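Enquirer: I have a structure I would like to understand better, so I am pasting it below and will then ask my questions one at a time.
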4 protein chains.
Amino acid sequence: MDWLANSIMNQRGAARGKVGTTHHLTEAKQGRYHYTMGPYSDPVLHVQPGDRIVVETRDAFEGVIKTEQDMPSKLCRMPFLNPQNGPIMIEGAEKGDAVAVYIESMKPRGDNPRGTCAMIPEFGALTGTYFTATLNDPLPEKVRKIDLDEKGVYWSKRVTLPYRPHIGTLSLSPEIDSINSLTPDNHGGNMDLPDMGPGSITYLPVRSPGGRLFIGDAHACQGDGEVCGVAVEYPTVTTIRVDLIKGYTIEWPRLEKEDFIMAIGSTRPLEDAARIAYRELVRWMAADYDFDQWDAYMILSQCGMVRLGNFVDPKYTVGAGIRKHYLAPES
Amino acid sequence: MDWLANSIMNQRGAARGKVGTTHHLTEAKQGRYHYTMGPYSDPVLHVQPGDRIVVETRDAFEGVIKTEQDMPSKLCRMPFLNPQNGPIMIEGAEKGDAVAVYIESMKPRGDNPRGTCAMIPEFGALTGTYFTATLNDPLPEKVRKIDLDEKGVYWSKRVTLPYRPHIGTLSLSPEIDSINSLTPDNHGGNMDLPDMGPGSITYLPVRSPGGRLFIGDAHACQGDGEVCGVAVEYPTVTTIRVDLIKGYTIEWPRLEKEDFIMAIGSTRPLEDAARIAYRELVRWMAADYDFDQWDAYMILSQCGMVRLGNFVDPKYTVGAGIRKHYLAPES
Amino acid sequence: MDWLANSIMNQRGAARGKVGTTHHLTEAKQGRYHYTMGPYSDPVLHVQPGDRIVVETRDAFEGVIKTEQDMPSKLCRMPFLNPQNGPIMIEGAEKGDAVAVYIESMKPRGDNPRGTCAMIPEFGALTGTYFTATLNDPLPEKVRKIDLDEKGVYWSKRVTLPYRPHIGTLSLSPEIDSINSLTPDNHGGNMDLPDMGPGSITYLPVRSPGGRLFIGDAHACQGDGEVCGVAVEYPTVTTIRVDLIKGYTIEWPRLEKEDFIMAIGSTRPLEDAARIAYRELVRWMAADYDFDQWDAYMILSQCGMVRLGNFVDPKYTVGAGIRKHYLAPES
Amino acid sequence: MDWLANSIMNQRGAARGKVGTTHHLTEAKQGRYHYTMGPYSDPVLHVQPGDRIVVETRDAFEGVIKTEQDMPSKLCRMPFLNPQNGPIMIEGAEKGDAVAVYIESMKPRGDNPRGTCAMIPEFGALTGTYFTATLNDPLPEKVRKIDLDEKGVYWSKRVTLPYRPHIGTLSLSPEIDSINSLTPDNHGGNMDLPDMGPGSITYLPVRSPGGRLFIGDAHACQGDGEVCGVAVEYPTVTTIRVDLIKGYTIEWPRLEKEDFIMAIGSTRPLEDAARIAYRELVRWMAADYDFDQWDAYMILSQCGMVRLGNFVDPKYTVGAGIRKHYLAPES
């Protein structure tokens, strides 16, 4: 727990690491889930910096895919995919601040097979899509229902995957836009970063009063890039703690874990997402860790870590990180 | 006027070419202009199919750039750029319909120098930007104020440009998203197509009740791609006529002029925008002009016309068109 | 012929517009055609600046597609596609010079149906390809044989296309690379620009002694982008005149016609090809036409012309041009 | 050494894991290094499958950057960068086969500071470049000379990097093209994958008789993406073992290590490189590991590993991998 005490959140957040009230955002309390993240929806919860929130997330298909015969193209209707809990208002959050979201735990909800994966027509990386528009016939539509628990994800007789839970979609509100929950951008959104699991802190830029936190899209595991377009989607009880860092103005989401920091960029083409992430990281190292920017740039060329979140959404997500031990001051 | 009588608008629109009431959407009536296009703003006008609307558009800088010493980086504040008139509700428009917008005329408003061009830091095609993120110093910020009238755009002693007015930003509302006025997508938006001027009809997909029409961003002229990021921006009196085509379900905007039809795609990278536009055009030729899709695909490889709208916005816009005489049935 | 007298070729070329010897590069003289353009092949011809060359080009399928039953996937074998005449050595050409290629005329050769179009598996813009790798089934393979003459291209009973001949592939040699004839780059190559027809001058950078000119891939017509991947391919007698401009160092190919000049860029993604083309044009205007570079940049934003060559090859080609009357000095 | 015995190389290679003759490819024996990889250069060595080769590689700057005052823009001349040893002919290699290259060890050569890093004008990911052409002033040119040995890379007083040696550029010859050593493609080339170090096997497709192996561009360490465009470049003694797998026809390079296999794609934009890599991996799993292709596709969405080689070269490189334990047959 040492690293948490030294994290940006605990060092600079209003709560200074002190845990406040615990709130329960159950399905009932949430009521209607949201499919767009912006300043126009009604808050479901108001919290203080330091508060803990226990959230009942729905899976990205909102639970309608119950068997391997349930086809998304029949049962889901765009753009009503990827339901989000929220918006949660953080007391005191104003444009120019950052909200920190520490994920404490993610536990599966509901009966097995709780996990859902699918091949959805014209969605995914290895198929023509709505944007990479081709005249090819779509790939076959397929659904997989998967048993999973906190010990593993039982894909098939042959393959068992590790339980590596994380949050696919985490956002504050843009200033004036309202963006569907399939799309990531500088407000966060559907980033699909496997690093964003228990033990991670995500920093999001506040652009709307109260921040307006949205959360959803839990994955029991996911590979780099989420290549078929779908992870092992499942409903959870996710426990987070939020804090507010006044005057910490960031352009794009950032992530901190025990051993590394990571800047996150989302756009297309993929190289631009990587450029955003690395530029933010260079600037972060210069601003907060006393590196000359050119030295930071050349060092990252030697030890930068890249994580491909997804390259299947309307925008693609890349994280660029550096291990903390390289950030230590000269001893 | 013959072609207009035979246009899709007049043939299939509810008004069948009959001109209805004329409405005046003055600055005063508009009141607050909009910087995001979505379902959450209050209508300023309700019209019937066939009605004419005389709109007082503001320039993309909302008139704050009055001299060549007025710097956008000082006087404009993102995302409050590119003010839009609207939303205008079209009676009877429902999801699955299309709204047709015929531009009758565009006349300059206000005193000269009415036109504004600028180089804005980290904006434009030949510079690092917010998305193509680089560490280079930005280009110098520059402003040009330009005299213009309906006879010409008086750029400099050396160069006079033709007056080729068109609307840069034209939208209906997305279903649940609200998208800033700098970004084009399948709802229309900031497409910056020089073809979208007087004598053109744009077809936009209805996704929200009433359609919710937004219009703004007039250009006195613009080159393909709007390479520096800014056209000759100016305030106008723009006269449009709108119609409603029930059950004409289109995915992306379309444009019709006297001698060609054009499908429009907006995304990144640029090849995907071109793919969208051409796929829509192939499908359009198959659905409405009795072409076999593979024949359409191969014919477009011989006579398809591509217009690059812009490649400077958060998403890029490409139009793919074909001259009408190729669409004539076998004689 | 006035414009030609004032062209860069005639003003600055070693021959100063004087026409030299006429050479005949027949099929027999050519012998083996080439599928890669580089410094390693044996010259077939040596010419002087100002000389005229009458070239018998083969079609891109090297004539093996004789009926609509002849499938490219059976009869063609990568990388042996798009046969090129050459290399032709231009006396005196050295690294740092430019070679000008003026196309005088292009006449069809052989019996009708001389024209060939095809849909080739995993080739074209609206399909998954070798590079935009998808798991979709390929589009159906299709061949069209087309009658054509200098009056028209007789596509079908319904559609007659204009005869708009142009050269798809025109190159000098790279310095050390040898690049297959399907790929365009800064040496020229498979640019597929419909403007590159009779009455055009193309300027190519010399990087290898003698320049080593390659030419082939005639199209009887082609739409912007060559969307299905194939134009109306046909064999020709193409008559060109070449000149040498000593010390005219250019990075990318350039094109001049009666009424405009155009810079050409080839790479992926498509926006980068457009960036290259426009940057070259800005620099060209600054170097040769006495424009301030920022003024040139902003003027092109108002009147720049973009031509999409193709977006189907391993690299995509964009031309960015400006009409000559904007280049006139202040009067 | 167990995994090596079970590797594809040792299981299917002609040598079956038996080590043959050891050859020494010293600087003297190499003579002239190569800057383009193709079928047109003279072999420096002929080896048998199973043979070991001890190669003296030069650094990517060919040793001319000796101090931090030596500027690449002055001392290096494009395209004469990134010198390659080879071509090495592998007896019996024919089109349709694969050559396996197992890297045994990489040892630094020469005196410290042996390592070189640099910021080169218009080269790197966070700057306008030759292809992402902008009008911005280039970043400052900078050179870093770095002491390194097999225990570490001594970047600065503050930062010591691990010694993680790997080969940046490894190729066989294309069939007819000759490609400069800065560019990766389906022949291999400048992939800059940190995984390609001691203990790795790279499989390369044979397209030219004898395969024609080229090797060079050693890095003492490199981050994902090689963001500034340059790793810690250094001269080495690199010991490799080559084998020949007859009839193992692959389209793109592949890599095997103790615990994972990886397919490698190189093109632009970056998403297309990732698509290539993942498609090859799906096909590999289907062909060699008895997975249904759709099952493979969906499994990789849960556990696929992506490595960004570089996104600074003329083409970008992505590796897509899967851990071997997922490939085990159903038990």
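Enquirer: Go through (1) farther than 13 Å from C:Gly188 by Cα; (2) within 7 Å of another protein chain (Cβ to nearest Cβ); (3) not charged (D, E, K, R) and name the single condition C:Tyr316 misses.
Expert: Just one mismatch for C:Tyr316, condition (1).
Enquirer: Checking B:Asp137 against (1) among the charged types (D, E, K, R); (2) touching a residue at least 12 places away in the same chain (Cβ under 8 Å); (3) more than 14 Å from chain C (Cβ to nearest Cβ), which test does it fail?
Expert: (2)
Enquirer: Now a separate question. Among the residues of the stretch D:81-96, which ones are open to solvent by 10 Å² or more (accessible area, probe 1.4 Å) and assigned to a loop (DSSP other than H, G, I, E, B)?
Expert: D:Leu81, D:Glu91, D:Gly92, D:Glu94, D:Lys95, D:Gly96
Enquirer: Could you please find all residues in the stretch B:148-175 being open to solvent by 30 Å² or more (accessible area, probe 1.4 Å), more than 14 Å from chain C (Cβ to nearest Cβ) and under 25 Å from C:Ile322 (Cα atoms)?
Expert: Across the stretch B:148-175, the qualifying residues are B:Asp149, B:Glu150, B:Lys151.
Enquirer: Evaluate the stretch C:106-129: report whether one residue or more is among the aliphatic types (A, V, I, L, M), in the same structural domain as C:Thr67 (by TED's automatic domain parsing), farther than 30 Å from D:Ser266 by Cα and part of a loop (DSSP other than H, G, I, E, B).
Expert: No: zero hits.
Enquirer: Every residue in the stretch B:6-20 that is touching a helix residue (DSSP H, G or I) at 6+ places or on another chain (Cβ under 9 Å) and either open to solvent by less than 50 Å² (accessible area, probe 1.4 Å) or aromatic (Phe, Trp, Tyr) (or both), please.
Expert: B:Ile8, B:Asn10, B:Ala15, B:Gly17
Enquirer: Now, a different point. Output the residue which, of all residues in the stretch D:64-74 that are in a loop (DSSP other than H, G, I, E, B) and open to solvent by 30 Å² or more (accessible area, probe 1.4 Å), is nearest to D:Glu251 (Cα to Cα).
Expert: D:Val64
Enquirer: Take the stretch B:97-107 and flag every residue that is surrounded by 22 or more Cβ atoms within 10 Å (Cβ to Cβ) and of a type in the set (A, V, I, L, M, F, W, C).
Expert: The answer is B:Ala98, B:Val99, B:Ala100, B:Val101, B:Met106.
Enquirer: So, in the stretch C:263-275, exactly how many residues are of a type in the set (A, V, I, L, M) and facing another protein chain (nearest Cβ under 10 Å)?
Expert: Qualifying residue count, the stretch C:263-275: 3.
Enquirer: Could you tell me which numbered condition A:Arg77 fails, if it satisfies all but one of (1) in contact (Cβ under 8 Å) with a residue 12 or more places away in the chain; (2) open to solvent by 30 Å² or more (accessible area, probe 1.4 Å)?
Expert: Among (1) in contact (Cβ under 8 Å) with a residue 12 or more places away in the chain; (2) open to solvent by 30 Å² or more (accessible area, probe 1.4 Å), the lone unmet condition for A:Arg77 is (1).
Enquirer: Also, I was wondering about something else. Can you find a residue that is surrounded by fewer than 24 Cβ atoms within 10 Å (Cβ to Cβ), in a loop (DSSP other than H, G, I, E, B) and at the interface with another protein chain (Cβ under 9 Å from one of its Cβ atoms) anywhere in the stretch A:244-261?
Expert: yes
Enquirer: What's the total number of residues in the stretch A:156-175 that are assigned to a loop (DSSP other than H, G, I, E, B) and either within 30 Å of B:Tyr35 (Cα to Cα) or free of Cβ contacts under 8 Å to residues at least 40 places away in the same chain (or both)?
Expert: Here the count works out to 9.
Enquirer: Now for a separate question. Conditions: (1) within 14 Å of chain B (Cβ to nearest Cβ); (2) over 14 Å from the mean Cα position of the chain (by Cα). C:Pro194 meets all but one. Number of the miss?
Expert: Of everything listed in (1) within 14 Å of chain B (Cβ to nearest Cβ); (2) over 14 Å from the mean Cα position of the chain (by Cα), C:Pro194 misses just condition (2).
Enquirer: Sticking with this structure for a sec: Considering only residues of the stretch D:210-241 that are β-branched (Val, Ile, Thr) and open to solvent by 10 Å² or more (accessible area, probe 1.4 Å), which is nearest to the other protein chains (Cβ to nearest Cβ)?
Expert: Selected residue: D:Val237.
Enquirer: Suppose the filter is aliphatic (A, V, I, L, M) and without any contact (Cβ under 8 Å) to a residue 12 or more places away in the chain; does C:Leu213 pass it?
Expert: Taking the combined requirement at face value, the residue does not satisfy it.
Enquirer: Okay, next question. Sort out which residues of the stretch A:120-134 are of a type in the set (Gly, Ala, Ser) and either more than 7 Å from every other protein chain (Cβ to nearest Cβ) or surrounded by fewer than 22 Cβ atoms within 10 Å (Cβ to Cβ) (or both), and write them in order of number.
Expert: Across the stretch A:120-134, the qualifying residue is only A:Gly124.
Enquirer: Still on this structure, I have one more. Test D:Arg16 against the criterion of being farther than 30 Å from D:Arg144 by Cα, among the charged types (D, E, K, R), part of a loop (DSSP other than H, G, I, E, B) and more than 19 Å from the chain's Cα centre (by Cα), and give yes or no.
Expert: So D:Arg16 passes the test.
Enquirer: Kindly evaluate C:Tyr278 against the criterion of being over 24 Å from the mean Cα position of the chain (by Cα) and facing chain B (nearest Cβ under 8 Å).
Expert: Against the criterion (over 24 Å from the mean Cα position of the chain (by Cα) and facing chain B (nearest Cβ under 8 Å)), C:Tyr278 does not qualify.
Enquirer: Going through B:Phe260, B:Phe214 one at a time, which residue ends up being more than 23 Å from B:Glu56 (Cβ to Cβ) and not acidic (Asp, Glu)?
Expert: Answer to the check: B:Phe260.
Enquirer: Right, here's the next one. Step by step: first the residues of the stretch C:281-331, then only those that are among the charged types (D, E, K, R) and not in a helix (DSSP H, G or I), then the one that is least open to solvent (accessible area, probe 1.4 Å). Which residue is that?
Expert: C:Asp313
Enquirer: Tally up the residues in the stretch D:176-209 that are within 15 Å of D:Tyr316 (Cα to Cα) and either open to solvent by less than 10 Å² (accessible area, probe 1.4 Å) or part of a loop (DSSP other than H, G, I, E, B) (or both), please.
Expert: Number satisfying all stated conditions: 13.
Enquirer: Further question on the same structure: For the stretch D:21-62, which positions are open to solvent by 30 Å² or more (accessible area, probe 1.4 Å), closer than 28 Å to D:Met119 by Cα and in a loop (DSSP other than H, G, I, E, B)?
Expert: D:Arg32, D:Tyr35, D:Arg58, D:Glu62
The values are calculated or read from the model by the stated rules, or taken from the named source; none is laboratory data. The structure displayed is predicted, hence computed values, not measured ones. Neighbour counts run over all protein chains shown; Cβ positions are idealised from the backbone, glycine included. Surface areas here come from the heavy atoms of the whole protein model, side chains and all, with no ligands, DNA or RNA. Shrake-Rupley method; radii C 1.70, N 1.55, O 1.52, S 1.80 Å.
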